Every structure is written in structure tokens, then in C-alpha cells.
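Before any comments, here is the structure.
The values are calculated or read from the model by the stated rules, or taken from the named source; none is laboratory data. Values in this document were obtained by computation on a predicted structure and should not be read as measured data. So basically every Cβ, Gly included, is an ideal-geometry build from the backbone, and we count neighbours across all protein chains shown. For the accessible areas, the whole protein counts, side chains as well, though only heavy atoms, and no ligand, DNA or RNA atoms are used. Shrake-Rupley method; radii C 1.70, N 1.55, O 1.52, S 1.80 Å.
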Number of protein chains: 2
Amino acid sequence: MTRTSITPSGITPSGITPSDDAAPAAEGRPFSQILDRLRGAGLRPTRQRMALAKLLFDGGDRHLTAEMLHADAQSANVRVSLATVYNTLHQFHRAGLLREIVVDSQRTYFDTNMSDHHHFYFDETGELSDIPGDQVEVAALPPVPDGMAVSRVDVVVRVRPADA
Amino acid sequence: MTRTSITPSGITPSGITPSDDAAPAAEGRPFSQILDRLRGAGLRPTRQRMALAKLLFDGGDRHLTAEMLHADAQSANVRVSLATVYNTLHQFHRAGLLREIVVDSQRTYFDTNMSDHHHFYFDETGELSDIPGDQVEVAALPPVPDGMAVSRVDVVVRVRPADA
DNA sequence: CATCAGATTAAAATAATTCTAAACTTGACA
DNA sequence: TGTCAAGTTTAGAATTATTTTAATCTGATG
Ligand SMILES: [Mn+2]
Ligand SMILES: [Mn+2]
Ligand SMILES: [Zn+2]
Ligand SMILES: [Zn+2]
């Protein structure tokens, strides 16, 4: 067994953080940031991508499914088809703006928090909460199979209501 | 942050191990073991449950989906409907004979290895391989949210073909 | 402004899984 | 050993999340 301490989540985004500037995330933010993010990712800033990016990145760290984001959009009077929401989430993911989290074999969650971190998963409610990367230590790992490279180490702490 | 070292996989089976006796797993095994396992789990030993249990537990540790087990059954000339395979897998799971692993949000894997352990996941092929529990150390964990109890800690090491 | 590659979308298709309801089995027990 | 209720199996329909299709738009560029 090798004592290599492997960092969770191999690929890190290009140093971009959701709200990188002074003021705390407010409502009517300038579009320029989001615009730059999309451009930086090589994605055309279309009406729906801009709106979805705003919903995704303007309000701190979020864990959500396509359906959730779609509902969010409707509430915000943003007209986007569910297909576009799926497309956009996958594009953002490929572009390194979102993480995909596997905790439930029935739905796919996306995470706007791109920093190294892990998760608590509340089985009952289907909610996720972050565990900062420095609060978990995957100390030892066996040698990775030959010819393979670790793309990521995911730690999921499944919790449920404590009972008697 | 609490320094509680939490053991992965909370609930452990009743000390039963797949091949608990001397001889290495062979083909034409006595049914008695399987029969006892089902009885012990409070499940009626029906023809299909016996056959599926044999396929599942007679050949060492396995990670499989319902479709895979169904295919296995067909190959072995065991006639079982896919619905029964699903039912059986869930029943075995509830009875503590199988583990459910979440690594792919599109299919559900079941694991015949009930010991404390973690997994390598080969994204390309969808294959899983075990990492013995004592070869991973989840050293530190933040305090579990109030009123919650850890039901399990899953570590998934995602690997892919090493490239240039 | 014309052009067109790329984007959006309604609707159909797919895939994994669950449900339904009818037709069997199993395990008592007389 | 025959009977029967409870538990099981199954074909097929239904459900759900997601992807695909193909037609229609729209953003960028000259
Ligand atoms: Mn995906
Ligand atoms: Mn299940
Ligand atoms: Zn997260
Ligand atoms: Zn395993």
C-alpha cells in the first residue's frame, strides 16, 4: 500500500471563484462577470446561458439537479426549456464551471462549488452539504491499478436522522 | 472539527462471509448454505431466490447491476424475470446480504462483499474493484449536523487510463 | 444587413426501474 | 396428503430522468 496522499478532485478550474470581489453577492449584479466567465469557457453568451449562469453562480454555493434549476428559472421568469437546462449544465460541467456529484443513482446533482471538498448527504431529503477539503483526510490509498490515474477521490458521508 | 475516526459502512452483516468454509468456491455446491442464508434472512427459499443467491454468492466478491445478474441467470439456464431480479436484489439488500453502491447516476450496482471497504471506479468501463477497508483512512471528519447520525462513509476513487 | 454555425426547443425516444394485477408456489395445518 | 392463505413471480404497462431529433431561431462576423 502506497502512502501517497491524493488530493480529491483532480482537475481544478482556472482559479476562478464564484464571487471573487469585495461586495457580497447581491441581486442586480453587473452581467460583465458572468459574461466573462462564459467567454473564458469558450461558450457563446446566449440569453439562456446568461440567465442560467446568473441563477447558478450569483447565490453562493449550490447543489442542484436539472429539474431544480429549471424550476428556479421559471420562478425568475426566465423562459428556458428543460432540454436547454440539461445541455447547459453539461456544457458548464465540461467547461470546468460545475462539478457533477454522484450520490443518488436516480438523479444527477451539479455543484457550483469547484473547490476541493466532500459532502454530507441527507438520504431522507436528498440534500447535500459541503465538507471543506481540509476537513477530511484520505490518508492512505492502495496503489492505483497499472496504467490508471486517479481522476478524483470522492468522500460521501451519508447521514440520517439520529434515532433511539 | 471533531477528530472522530468514523468507520465506513455502519451496518455490518451478522458475521456471515460468502465462502466461510475450507474448500474454495466450486461449481456444484450443496444448497444448504444458501438455504440457511435465506432462512436466516427471513426470506422464503423459492426456486428463483435460490438460483440468484447461488449466482451471487458462489463466486467470490462481485459488483453487478440487475441487468448483469439477469444475463448471468440466462446463461446459467435459470429462468427469472427481470422484475424478480430487481425484487430479489432489493430484498437481499434490505436483509443485509448485499450492499448498494452509488458510483454512476445511471445504474445501480450491488456488491456481494459486505465487509468494510471502498472502491476504485473505472469510469470508462463502468467496472468496480474493492479497496479493503484498512487500506483507506478517512482520518478527520467535521461534526455531523445536529440530530443526524452517520449511516455510512463511502470513498470512491475514480480512475481512468493514464495518458500523456 | 446577410449569412450560417451554433443554440434552443417541442416532442419523440431511450433506459433504468417500479408498479399492477393476475397466475403461481410455498409452508402450514387439518 | 389435500387445502388454503400468504407470499412470490411475472408480463406488461407505467414512471422518471435524461437524451435525441429535427425544425426553428440567434449571435457573431464581414
Ligand atoms: Mn453527464
Ligand atoms: Mn434501491
Ligand atoms: Zn459541494
Ligand atoms: Zn465492493
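General observations
- Shape metrics for region B:98-164, restricted to C-alpha atoms - Rg then Dmax, Å: 14.0, 48
- For B:GLU67, the distances from its label point to the matching points in the remaining copies are 2.2 nm, ordered from shortest, with each point set 7 Å beyond Cα toward Cβ.
- At 7 Å out from Cα toward Cβ: A:LEU82 inter-copy label distances (nm, ascending): 2.1
- Take the Cβ atoms of A:SER129 and B:ALA71, set R0 to 51 Å, and the FRET efficiency comes out at 0.85.
- Copies compared at B:GLY126 - label distances in nm, ascending, label defined 7 Å from Cα in the Cβ direction: 2.3
- Taking only the Cα atoms of region B:35-117, the radius of gyration and Dmax are 12.0, 34 Å.
- When the accessible areas of B alone and A alone are added and the area of the pair subtracted, with a 1.4 Å probe, the result is around 3400 Å², both sides summed.
- The mean count of C-beta atoms from other chains within 10 Å of the C-beta of residues in A:144-151, rounded to a whole number, is 5.
- Neighbouring partner chain Cβ atoms per residue of B:66-76, average, 10 Å criterion: 0
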